[in-house]
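Structure, as structure tokens:
The values are calculated or read from the model by the stated rules, or taken from the named source; none is laboratory data. Please read these numbers as outputs of a predicted model, since none were measured by experiment. Virtual Cβ from ideal backbone geometry, glycine too; neighbours counted across all protein chains shown. For accessibility, only protein heavy atoms count, side chains too; no ligands or nucleic acids. Shrake-Rupley method; radii C 1.70, N 1.55, O 1.52, S 1.80 Å.
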Number of protein chains: 2
Amino acid sequence: MPAKFSHSTRDHKFILKEWLDLKKVFETERFKGGYSVEDLDFILENAWKGARDAVAPSCADSDHIGCRFENGKVLTPPSTKDAYFFIVNNGFGANNVNPEDSSALPVTVLWALYEYFIAANPGLQTYWLANSGCAGLIRDFGSDELKRAYLPMLYSGQWSGTMDLTEPQAGSDVGDSTTKAVPTGEPGAYLIKGTKCFISGGEQDITENIVHLTLARIEGAAPGTRGLSLFVVPKYLPDENGKPGAWNDITCAGIEHKLGLRGSSTCVISYGDEGKCRGFLLGSPPGEDGMAQGMAQMFKMMNEERLMSGLSGCALAASAYHSAVQYCSERIQGRPTANPKSGRCAIIKHEDVKRMLLFQKAHVEAFRAMALQTFWWVDIENHSTDPELHKQARVFLEINTPIVKAWCSDAALQCISEALQCYGGYGFSEEYPAAELYRDARIYPIWEGTNYIQSLDLIGRKMTMKKGEVFLAWVRHIQEFAEANKDAAGFEKEFEILLGTLGKYMGILKTLQGYLTVPGMPQLYATRVLHATGKLWGAKLLLEMALIAKKKMDELGKDHFDYAFYQGKVASARFFTRNILPEIGALGEVLKTGDSTALEAQESIFFA
Amino acid sequence: MPAKFSHSTRDHKFILKEWLDLKKVFETERFKGGYSVEDLDFILENAWKGARDAVAPSCADSDHIGCRFENGKVLTPPSTKDAYFFIVNNGFGANNVNPEDSSALPVTVLWALYEYFIAANPGLQTYWLANSGCAGLIRDFGSDELKRAYLPMLYSGQWSGTMDLTEPQAGSDVGDSTTKAVPTGEPGAYLIKGTKCFISGGEQDITENIVHLTLARIEGAAPGTRGLSLFVVPKYLPDENGKPGAWNDITCAGIEHKLGLRGSSTCVISYGDEGKCRGFLLGSPPGEDGMAQGMAQMFKMMNEERLMSGLSGCALAASAYHSAVQYCSERIQGRPTANPKSGRCAIIKHEDVKRMLLFQKAHVEAFRAMALQTFWWVDIENHSTDPELHKQARVFLEINTPIVKAWCSDAALQCISEALQCYGGYGFSEEYPAAELYRDARIYPIWEGTNYIQSLDLIGRKMTMKKGEVFLAWVRHIQEFAEANKDAAGFEKEFEILLGTLGKYMGILKTLQGYLTVPGMPQLYATRVLHATGKLWGAKLLLEMALIAKKKMDELGKDHFDYAFYQGKVASARFFTRNILPEIGALGEVLKTGDSTALEAQESIFFA
């Protein structure tokens, strides 16, 4: 089987060194004296090698053997454990959220290299990625005792963390959760009773303990999400030496048999079957008004998981793309159009193959730019002391998050399908990497809030914040960029299209505004408006990078070994602007017609 | 596990009884005195029941157990054999191409019910579907001896037929085949030597013999596809009693481990390892100019397989759609937008869910209409004596075939992905039907000529036939329909959009015409032009059906049990016209800009 790890570090270096202003992050109090921009090449290459040599070898086992469920235990292939401990033991894990760790990396850098680990074995990601969020919440909201008992083990990855929201009857609608927490008399300690499902890594044989962050309702708290509190619920209660002690009455009732991510256990978790499951409250109990803190706390972690989903789409699409490029340059088939008599050629010479590859390349670079720029804003929010930047960070984090989650994960599916198509019949064979990626990536539009939930978040909450001012400020940053560069040499057509599209996009917002009073209409168009927003923003970022690349091309000249990379950045921006942006105009047309057929449709037509 | 067979017969009854003029077919010499329009309900329901009760039960085994390869043998689960013989023993197999079979069905009807069998177990289709094409070629081009030896066994399905084109180094480029045929001295008999791959059903343990129709080059024949001849190459040579006799030196060297269609064996077939493999020529040997008849013969079968691929996309998308409707009407989650206080509701009430379901419904009905209307033209070409209809049949068969193959199979993937999304987390679980359908359907854009090959066929051959006259006649039938109905009450907006889109589509053709002299440009846009053509034609067919449905609604009145069906047909047409057609305008914009970034891209940018 061909190696599944085919990433390049080149684009990440460009993003971190030539595009995003990482200095602003490295110069903050948190990172001063630690790593600097000069170290980025080494950091990226080192992680890349680790992904290739220590993580990628576990991928086939994860997918082919997968998880087994036997007598309440989840068994993972041995290579999973090795890969997990490679990541956490080499400074890539939750140690980075430990404020005392002087070798910690900014999240912008960290997530750049997480792309390699995710791509190297998509089925592994759920075991190590939630540790940081879990540790971060205990760090920020836990009592001193909780911090002492859990943080060192979570930081080091000896114990893993999970997030437990979903229940069989409460998926998208978390507020309908029925898991209960009953006070024990001991401050902060509760008895937990209930069942959660779709818990990634909820049970496994990799770490000696598992720390569940579980949403539950304390008796008397408000209904809906407002009344949910967050609890630390360990599989084993830490003993006096900080080791896993008594079993905490948590059972895994089963795992899902899944389309993809087969190495990742997706568990049904039962709390307190014997009435002895103890959970430890994060923050304060609900006030007299019944309002609890759990959802707001969970959202700190959730927002990171949403960005992770978009970046995972990027990782798998990039993996599929690089593999397809390799295959297309080796597979001989047909003759070149321009000169058929020159004999058979590699299929990378064929027009539709080039189109499919450039489609993938441009999208992957847009995904990566979106996700890493947003992580850069996370760093700014967490560490910068500049009040103006801080204010901006809020804007970008609020708006960017649902777009990164939903647009990147949706468009990634299309990219991977195109990569698979590049392989012809071999794309359908599990001997080549496209098939697994096609299966694995299908989860990202679903978990961490379905993409419809993201769309509702964008149009229902984010676009209406402060009477729409926040969102308009976000659009304005694209508008200002387009106007400032409309005469940029060689990009006149691209900026003409971008400006024209911005006009159409504003028209979409206006039409949508008019529909706000018609029940159901904003919801009906939510997904499509999110996609349009993603495309618009994607083009902006690609052009921003292309302007830098163009300068670099002029500086380096055609014979420089790096010329092709910059040329490729320009090609991505050009292709995306000219081929993808016009789709936004089509949505404008649809919205103007204001079709409401789906709303008016009687359910009976679906059964007839 | 929920039943995987959830088709309805309602739309097929509408298509065959209220829309397509089946009388024209039943009244031909071939079918006169046999079945009539009155029998259609029974025929469809009977097949539907068989699909549910005798074919669908084999689906789980096909997917979960799949094919095994042991010592040169392919082992299928026992339920596969049962399902196969249910189909061929009940008059649904190649008996329908036997001119003497008085109970034979027109292909229009046959393929309507094949949709049920394909949906009931997608992994079974490759074992029985090729028998007809194989028998048809021997019937039309075989010597009397070949007909005597093979036809009864193929008609009855006791023996199965396969088509063997692809070779490891010659996939899309069939002309580069290297399989050889050496004359034996005995008239019509040759020694075959070579290797074919991706041969569906090339080896199995279902039938007692397998008849390979194999493309090979007789020494001295022209290079490329022109020099290929077609041979009947049985696994076992028929003995004097017509039973499988001596082994014919055909070996299965292995099977593919695939993303989907796991019950279907995809084989590497080796001919003549011991120099004893005998093949029997169909038609005449190559003339002195080296021109052979094999490709033209094979294309008779291939065109049917291409329509099959589009119809298979339809079958699986329909299956996913009906299952999703069921799930969405049972799954309780969230509250209705218009009245949140009314409490939790089934997710089918949610706007995005309704949009996704209507998207699927409209597309499935467009796929089905396209495929069955094209099969109707096959019946007309095969059996009608009306010279004008005959002439039209050629036009429609030439143009429709690549569109049915490529647009339906591509858009089906999108539909199935939407169906999977409707299930939320359960969509990613293999316990629900969406996951398998998502995997299985991924083959249709690849096999029987990739969708890029179809696009090249459309724009390179079909659009240029008789200087474009043939294609313009095809577009004209849409134009005339739109103009004739532009004032149809209740559809004014739809026809306005259709007419507007036709204008834009003509613009696309004109722009494309201008690119004909620029090497690579037509190829670069081929896939997108095919998709646009599919959408335009799809809207036309949906509207044609909607006009009939609207009349029926008025006749029946709201309280009639069948009202919802007709209402649904109108909703499909309305949704598709208003939401999908505007995408054609976006392609027009892209083409006008004439982006050639992908053509100009140096290959090095993909490796940088």
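Odds and ends about this structure:
- Which listed residue is of a type outside the set (S, T, Y) and in contact with a His (Cβ under 9 Å, 6 or more places away or on another chain), from A:E600, A:E583: A:E583
- Residue within the stretch B:61-69 that is aliphatic (A, V, I, L, M) and open to solvent by less than 20 Å² (accessible area, probe 1.4 Å) present: no
- For the stretch B:322-332, filtered to residues that are at the interface with chain A (Cβ under 9 Å from one of its Cβ atoms) and open to solvent by 10 Å² or more (accessible area, probe 1.4 Å), the residue that is farthest from B:I347 (Cα to Cα) is B:H322.
- Residues being closer than 14 Å to A:V590 by Cβ and either open to solvent by 50 Å² or more (accessible area, probe 1.4 Å) or within 11 Å of chain B (Cβ to nearest Cβ) (or both) - total across the stretch A:509-521: 1
- Any chance B:N46 is under 15 Å from B:F117 (Cβ atoms), open to solvent by 30 Å² or more (accessible area, probe 1.4 Å) and without any contact (Cβ under 8 Å) to a residue 12 or more places away in the chain: yes
- The lone criterion from (1) surrounded by fewer than 24 Cβ atoms within 10 Å (Cβ to Cβ); (2) in contact (Cβ under 8 Å) with a residue 60 or more places away in the chain; (3) not in a loop (DSSP other than H, G, I, E, B) left unmet by B:M153 is number (1).
- Remark: pairs (first residue in the stretch A:545-558, free of Cβ contacts under 8 Å to residues at least 12 places away in the same chain; second residue aromatic (F, W, Y); Cβ separation under 8 Å; 6+ apart in sequence or on different chains) = A:L556/A:Y563; A:L556/A:Y566; A:G557/A:Y563.
- The residue of the stretch A:573-600 that is most open to solvent (accessible area, probe 1.4 Å), among those that are out of contact with any Leu (no Cβ under 9 Å at 6 or more places or on another chain) and more than 7 Å from chain B (Cβ to nearest Cβ), is A:K592.
- Test: A:V570 is at the interface with chain B (Cβ under 8 Å from one of its Cβ atoms) and under 32 Å from the mean Cα position of the chain (by Cα): no
- The single residue among A:I399, A:I443, A:I380, A:I403 that is within 14 Å of another protein chain (Cβ to nearest Cβ) and either surrounded by fewer than 24 Cβ atoms within 10 Å (Cβ to Cβ) or under 21 Å from the mean Cα position of the chain (by Cα) (or both) turns out to be A:I443.
- Tally of residues being open to solvent by 60 Å² or more (accessible area, probe 1.4 Å) and either in a loop (DSSP other than H, G, I, E, B) or within 14 Å of chain A (Cβ to nearest Cβ) (or both) across the stretch B:175-191: 4
- Sub-9 Å Cβ pairs linking a first residue in the stretch A:487-502 that is at the interface with another protein chain (Cβ under 10 Å from one of its Cβ atoms) to a second residue that is among the acidic types (D, E) and open to solvent by 40 Å² or more (accessible area, probe 1.4 Å), at least 6 apart or interchain, are A:I497/B:E589, ordered by first then second residue.
- Condition check for B:N209: open to solvent by 50 Å² or more (accessible area, probe 1.4 Å) and more than 14 Å from chain A (Cβ to nearest Cβ): no
- Selection from the stretch A:333-376 of residues that are open to solvent by less than 20 Å² (accessible area, probe 1.4 Å), more than 13 Å from chain B (Cβ to nearest Cβ) and not charged (D, E, K, R): A:H363, A:A366, A:F367, A:A369, A:M370, A:A371, A:L372, A:T374, A:F375
- Some residue of the stretch A:421-435 being surrounded by fewer than 20 Cβ atoms within 10 Å (Cβ to Cβ) and over 23 Å from B:R442 (Cβ atoms): no
- Some residue of the stretch B:77-91 being open to solvent by 30 Å² or more (accessible area, probe 1.4 Å) and assigned to a loop (DSSP other than H, G, I, E, B): yes
- Hits in the stretch B:105-150 (condition: in contact with a Ser or Thr (Cβ under 6 Å, 6 or more places away or on another chain) and hydrophobic (A, V, I, L, M, F, W, C)): B:I118, B:A119, B:A130
- Candidate set from the stretch B:192-212 (those that are touching a Pro at 6+ places or on another chain (Cβ under 8 Å) and in a strand (DSSP E or B)); member that is farthest from B:L228 (Cα to Cα): B:N209
A quick yes/no check of all residues on (1) under 30 Å from A:P340 (Cα atoms); (2) open to solvent by 30 Å² or more (accessible area, probe 1.4 Å):
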| site | (1), (2) |
| --- | --- |
| B:L228 | yes, no |
| B:F231 | yes, no |
| B:P234 | no, no |
| B:K243 | no, yes |
| B:I255 | no, yes |
| B:T266 | no, no |
| B:G279 | no, no |
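- Residue that is farthest from the chain's Cα centre (by Cα), among those in the stretch A:266-308 that are of a type in the set (D, E) and closer than 30 Å to A:C408 by Cβ: A:E304
- Residues that are at pLDDT 95 or above and assigned to a loop (DSSP other than H, G, I, E, B), drawn from the stretch B:98-112: B:N98, B:P99, B:E100, B:D101, B:A104, B:L105, B:P106
- B:E436 closer than 15 Å to B:L261 by Cα and either within 11 Å of another protein chain (Cβ to nearest Cβ) or in contact with a helix residue (DSSP H, G or I) (Cβ under 7 Å, 6 or more places away or on another chain) (or both): yes
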